[in-house]
Amino acid sequence: MITILQSQLLPPPPIKLRHSSLLFSPSQHSRPNLKFTSKSSPSPPTITMASIKVHGVPMSTATMRVLAALYEKDLEFELIPVDMRAGAHKQEPFLSLNPFGQIPALQDGDLTLFESRAITEYIADEYSEKGEKLMCPGCNKVKALTKVWLNVEGQQFDPIASKIAFERIFKGMFGMTTDPAAVQELEGKLVRVLDIYEARLSKSEFLACDCFTLADLHHLPVIHYLMGTDSKALFESRPKVCEWVKKITARPAWAKVVDLQKQ
Amino acid sequence: MAGIKVFGHAASISTRRVLLTLHEKNLDFELVHVDLKDGEHKTESFLSHNPFGKVPAFEDGDLKLFESRAITQYIAHRYEGQGTNLLQPDSKNLAQYAIMAMGMQVEAHQFDPLASKLAWEHVFKLIYGLTTDQAVVAEEEAKLAKVLDVYEARLKEFKYLAGDTFTLTDLHHIPAVQYLLETPTKKLFTERPHVNKWVAEITKRPASQKILQ
């Protein structure tokens, strides 16, 4: 659970201490930096500076992808909000983190990364001994199959599914209207992808192999949004896909990501 | 030994990504031609290689793969000791690997969607007897220009996209770049000096020449 305490912004301490708190950043006084630990802190609280920082917002699918991986791995991190409305992601200092001007970006010590799927892969590799395994251990063959399904999510599923999420959900938030013809066309493409998933999941517990991997995790944010819309029927009408969606969305780490949106 | 087989089309951007990797590694392989014009990629026989009905598909002995970027990564790791090193110089350094992986995502999500659309408009449409839509070209070129501005800044600092050596990150760009150099879109590359230099380096490699034959 998260222990939230008011505190002043502290300059980086010369030594590491342990603490969970709500730190306020002077430049974003309306949106505090959120520091999270996945486990309860023992009392009395001590002070820590997380070495992992995520620059993003809990609503963003790409940010959620990274948060899911961090929670699966039980890693401490600091979520630093980016003021999207003010266009902060298209300006410095954010552009120094991601010159493409997109959230999220991640800092781990002096390593800076962007592209959510490269970030999750780094988390899975660097912290392979911590928390849940997000890649199947094994030989080149197993790794290769995982890469196949990672690419399937990125190249076949996401381009279609995220456009549907944009039409059905995000357009409304920006004062635009859903285009039903576009939704219909996109859903026509998505069902062909989901039919292939149905066949795959009849032979394999999860997409890449019989364990939960990044290949499954990467789907969570967009599926989460689509399951809150009429598009959920496409997933629910395919028994193996339906079962897989239930399994992956029921994971405790995922529940923590969804919780962040409610704050 | 069953050997390496690529099921694809010698002119296809995705197939070429895999062929490049095999040539860089000096690996023997068989290219099994898939007749895209005839719709062979949508037949049951091909779908058993790639249920998404897209070229290329790949076999190495009893390992079957699809998705060109998964195949190239498999080859780069499996045959790490052979031919050109396509990974970072220290393949165990996870931070370095992450930087290469980040570059591969940039190619897949920022560069390729635009470059492929432009190649479709300028080159492949004509093969199918269709006409280039100049409005689409203008729109996609404007977006690609912004992406290449980021590349220009990056290539000022480093010789290649993931550092100072040629890696998969650079290789993944080559097939689309080669097509675009034959079109008016070429100017976007040539008018940026560091991008221009990088393009010249990666396209003059012997493997890059081989896939054009």
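Can you tell me how much longer the chain between B:LYS37 and B:LEU126 gets when fully stretched, taken as 0.36 nm per residue apart minus their C-alpha distance, in nm with one decimal?
30.7 nm
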Report the Rg/Rh value for segment B:44-147, based on alpha-carbon coordinates and the Kirkwood definition of Rh. 1.06
So, in nm, how far is label B:SER91 from label A:ALA250 when the simple model puts each one 7 Å beyond its Cα toward the Cβ? 4.0 nm
Please check which bits of segment A:204-233 a label hung off A:GLU243 would reach, taking the label as a point 7 Å along Cα-to-C-beta and the cut-off as backbone N under 11 Å. A:204-206
So if I average 1/r over every pair of distinct C-alpha atoms in the protein assembly as shown and take the inverse, what Kirkwood radius in Å does that give? 23.7 Å
Subtracting the Cα-Cα distance from 0.36 nm times the residue separation, let me have the gained length for B:LEU212 to B:GLU191 in nm, one decimal. 5.1 nm
Radius, Kirkwood style, for segment A:140-260 when every pair of distinct Cα atoms is counted (Å): 14.9 Å
Jot down the per residue volume, in cubic angstrom and as a whole number, of the convex hull over the alpha-carbon atoms of segment A:200-254. 70 Å³
Provide the FRET efficiency to the nearest 0.05 for the A:ALA233-B:ALA153 pair, computing r from the beta carbons and using R0 = 35 Å. 0.15
For labels at A:LEU95 and A:LEU111 in the simple 7 Å Cα→Cβ model, what's the distance in nm? 2.7 nm
So for each of A:138-145, B:160-167 I average, over its residues, the number of other beta carbons within 10 Å; can you give me the resulting order with the highest mean first? B:160-167, A:138-145
Whole-Hz ³J(HN,Hα) for each residue in segment A:84-100, computed from phi via Karplus 6.51 cos²θ - 1.76 cosθ + 1.60 with θ = phi - 60°, x for glycine and proline: what do you get? 5, 4, 7, x, 4, 6, 9, 10, 6, x, 4, 4, 5, 8, 9, x, 7
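For the protein assembly as shown, what is the mean residue ellipticity at 222 nm derived from helices alone (per DSSP H run of n ≥ 4: -39500 (n - 2.57); sum divided by total residues; nearest 500 deg cm²/dmol)? Please report the intermediate quantities before stating the final value.
Values: 22 runs with 211 residues, N = 476.
-13000 deg cm²/dmol, from helical runs alone.
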In whole Hz, with x marking every Gly and Pro, tabulate ³J(HN,Hα) for segment B:44-50 from phi via Karplus 6.51 cos²θ - 1.76 cosθ + 1.60, θ = phi - 60°. 3, 4, 6, 4, 6, 8, 9
Can you give the charge dipole size of segment B:1-142 about its Cα centre, rounded to the nearest 20 debye, using +1 on the beta carbon of Lys and Arg and -1 on the beta carbon of Asp and Glu? 180 debye
Relative contact order for segment B:34-128, counting Cα pairs under 8 Å that sit 6 or more residues apart, in percent: 10 percent
Any idea what % of Cα-Cα pairs in segment B:8-101 are farther than 20 Å? 39 percent
Compare B:ALA119, B:ALA200, B:ALA76 in a GNM of chain B, Cα atoms joined below 10 Å, and give the one with the largest fluctuation. B:ALA200
Take B:ALA11 and A:ASP259, extend 7 Å from each Cα along the Cα→Cβ direction, and tell me the distance between the two endpoints in nm. 5.7 nm
Based on the alpha-carbon gyration tensor of chain B and its eigenvalue square roots a ≥ b ≥ c, which shape applies: rounded if a/c is under 1.5, prolate if not and a/b is larger than b/c, or oblate? oblate
If I stretch the segment between A:SER128 and A:MET59 completely, what's the gain in nm (0.36 nm per residue apart, minus their alpha carbon distance), one decimal? 22.2 nm
Taking H placed 1.01 Å from N in the peptide plane, check which residues at least 5 places from B:THR165 or on another chain put their amide H under 5 Å from its amide H. B:TYR160
If unit charges are put on Cβ atoms (+1 for Lys and Arg, -1 for Asp and Glu) and the dipole of the protein assembly as shown is taken about its Cα centre, the option from A:LEU194, B:VAL55, B:MET100 lying farthest towards the positive end turns out to be B:MET100
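Each value in this text was obtained by applying a stated rule to the coordinates, not by laboratory testing. Since the structure is predicted, the reported quantities are computational estimates derived from the model, not experimental observations. No Cβ is skipped: glycine too gets one built from the backbone with ideal geometry, and neighbour counts run over all protein chains shown.
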